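Have a look at the structure below before the remarks.
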2 protein chains.
Amino acid sequence: VSAPRVYAPHATDSGATIELPQEEAAHLTRVLRLSAGARVRVFNGSGREWEATIDRTEKDAVAVTLEAQVAPASEPRIAIALAVAVLKGDKMDAVVRDAVMLGIVAIRPVITTRTEVSAAAILRSHRIARWQRIAVSSAKQSGRAVVPKIFDASDLATALDTPDTRVMLVEPSADVASRSLADVPAPAAATLLVGPEGGWTPAELREADASGAILMTLGRTTLRADSVPLIALTALRVRWGDF
Amino acid sequence: VSAPRVYAPHATDSGATIELPQEEAAHLTRVLRLSAGARVRVFNGSGREWEATIDRTEKDAVAVTLEAQVAPASEPRIAIALAVAVLKGDKMDAVVRDAVMLGIVAIRPVITTRTEVSAAAILRSHRIARWQRIAVSSAKQSGRAVVPKIFDASDLATALDTPDTRVMLVEPSADVASRSLADVPAPAAATLLVGPEGGWTPAELREADASGAILMTLGRTTLRADSVPLIALTALRVRWGDF
């Protein structure tokens with residue numbers, strides 16, 4: 001069994017002794033029942049990872065000493081961010097978890113015309129913080145040393161406003177000129193845009209098209225909205241020779 | 001809104017008037033509240049689909065007349081069957097639903113050494129019938145006219161015994177020579193083998209290797225067991241130019 005992975009965003013240097021965040025400390029002492037001398041792996045969410053030893057533990061407080069830096073799991077060559085219309089209920093939890101596992105660098109929740117969740121509801125229910133915790137947990141489990149940032153919810157115009165190559169996934173039934181996966185060459189960095197259960201509106205498709213985004217269809221089958229990000233991310237990474 | 005899709009495995013000829021299966025009939029009359037004269041689409045699960053009109057309805061019984069045959073949603077060029085170690089709880093439900101959506105032609109549940117569900121438990125809980133109903137439902141929603149067959153649970157040797165090209169997904173950590181996705185050329189037909197949460201045993205890897213199966217790894221990230229079939233199917237279809 002390998003050493004448990006611990007997230008410490010302020011870890012920077014071998015040799016340093018640092019306090020772990022309270023949530024991580026509580027997990028080590030209460031769930032895993034580890035004490036001074038136990039070996040762990042510490043990653044900082046920005047791509048660095050260390051071997052470490054627990055220095056001392058108190059109630060919900062753990063200090064570890066960072067030792068040799070280790071090579072983190074490899075990240076995809078091409079950075080892909082996901083801009084995704086917020087799905088209903090807890091479907092976004094699975095989208096965040098899966099997207100992080102598939103190597104995404106950031107997630108931007110988007111409120112579109114047909115999104116059935118309001119920005120106010122997202123704020124009120126502290127969803128961004130929840131998705132950020134899920135991103136930490138998914139990075140931990142999948143072996144990544146990078147924790148993708150979950151942005152605050154934005155509108156489509158904000159999501160389109162990036163120097164990345166923008167690839168907007170459109171339904172085969174959409175009345176718009178689109179490319180197939182084979183016609184989307186590998187970019188330096190990409191933002192993948194995925195719409196809500198009800199799809200993009202014609203105005204949103206025109207807005208994206210006018211901004212220079214690539215409109216792409218994936219086959220002719222109807223896919224479930226909460227599986228689409230996972231399928232589209234896998235398809236792009238394979239298409240771009242990055243899997 | 002398009003006409004509801006109805007599954008009738010015994011539908012074969014335009015012009016015929018047929019009774020629908022009881023479950024389908026009940027859905028049309030009780031949930032959708034349709035009556036004589038309503039238009040539906042009938043598909044037979046073997047790849048054929050018709051426009052149809054409801055002829056008469058009684059309690060839980062509906063007769064429809066098949067009219068013009070319509071072109072069904074296109075199926076993948078390369079037929080892929082999925083042989084998957086049975087996952088715990090209701091995770092297999094999602095695997096079946098997603099695999100059908102992604103164009104699989106058949107699903108073979110496999111009991112491996114590390115599978116945590118017994119063949120007896122599968123029989124006792126009527127799981128095969130449940131998964132077959134999920135396959136019908138997923139075909140209906142995704143627009144496919146093909147309903148993949150769910151085989152009875154079998155052992156690995158039975159799953160390997162097929163003229164298809166067999167591609168067994170192995171973890172990057174497995175101590176075995178494996179190919180990457182890029183080195184798996186397009187076959188005429190394939191069976192994709194996916195292991196349980198705990199992975200294949202060394203003996204199972206040797207058994208597959210000795211039988212001529214291709215052992216393939218997908219990147220170096222740890223993926224969640226219930227997402228692996230969806231990711232692997234997408235990856236193979238894109239790699240084989242069939243998405």
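The values are calculated or read from the model by the stated rules, or taken from the named source; none is laboratory data. Just so it is clear, the structure is predicted and the values come from calculations on it, not from any experiment. No Cβ is skipped: glycine too gets one built from the backbone with ideal geometry, and neighbour counts run over all protein chains shown. Surface accessibility is based on the protein's heavy atoms, side chains included, excluding ligands, DNA and RNA. Shrake-Rupley method; radii C 1.70, N 1.55, O 1.52, S 1.80 Å.
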Are there any pairs, at least 6 apart or on different chains, whose C-beta atoms fall under 7 Å, with the first in segment B:37-54 and touching a residue at least 60 places away in the same chain (Cβ under 8 Å) and closer than 9 Å to residue B:147 by Cβ and the second β-branched (Val, Ile, Thr) and surrounded by 19 or more Cβ atoms within 10 Å (Cβ to Cβ), and if so, which? B:45/B:146; B:45/B:147; B:46/B:146
Keeping to segment B:191-208, report how many residues are over 20 Å from the mean Cα position of the chain (by Cα) and either more than 14 Å from chain A (Cβ to nearest Cβ) or buried (at least 16 other Cβ atoms within 10 Å of the Cβ) (or both). 10
Can you name every residue in segment A:17-68 that is within 28 Å of residue A:106 (Cα to Cα), assigned to a helix (DSSP H, G or I) and open to solvent by 70 Å² or more (accessible area, probe 1.4 Å)? A:22, A:23, A:27
Within segment B:69-86, take every residue that is of a type in the set (A, V, I, L, M), out of contact with any Asp or Glu (no Cβ under 6 Å at 6 or more places or on another chain) and over 30 Å from residue B:115 (Cα atoms) and give me the one that is surrounded by the most Cβ atoms within 10 Å (Cβ to Cβ). B:73
Take the residues of segment B:214-235 that are more than 10 Å from chain A (Cβ to nearest Cβ) and open to solvent by less than 10 Å² (accessible area, probe 1.4 Å): which is nearest to residue B:80 (Cα to Cα)? B:229
Just to be sure before I move on: is residue B:94 at pLDDT 95 or above, closer than 30 Å to residue B:4 by Cβ and either open to solvent by 10 Å² or more (accessible area, probe 1.4 Å) or not aromatic (Phe, Trp, Tyr) (or both) in the structure I sent? no
When residues of segment B:153-165 are filtered for being part of a strand (DSSP E or B) and open to solvent by 30 Å² or more (accessible area, probe 1.4 Å), how many remain? 1
Please find, among B:238, B:167, the residue that is within 13 Å of another protein chain (Cβ to nearest Cβ) and of a type in the set (A, V, I, L, M, F, W, C). B:238
Hits in segment A:209-221 (condition: more than 25 Å from the chain's Cα centre (by Cα) and of a type in the set (A, V, I, L, M, F, W, C)): A:210
Within segment B:175-190, residues open to solvent by 60 Å² or more (accessible area, probe 1.4 Å), within 14 Å of another protein chain (Cβ to nearest Cβ) and part of a loop (DSSP other than H, G, I, E, B) come out as B:186
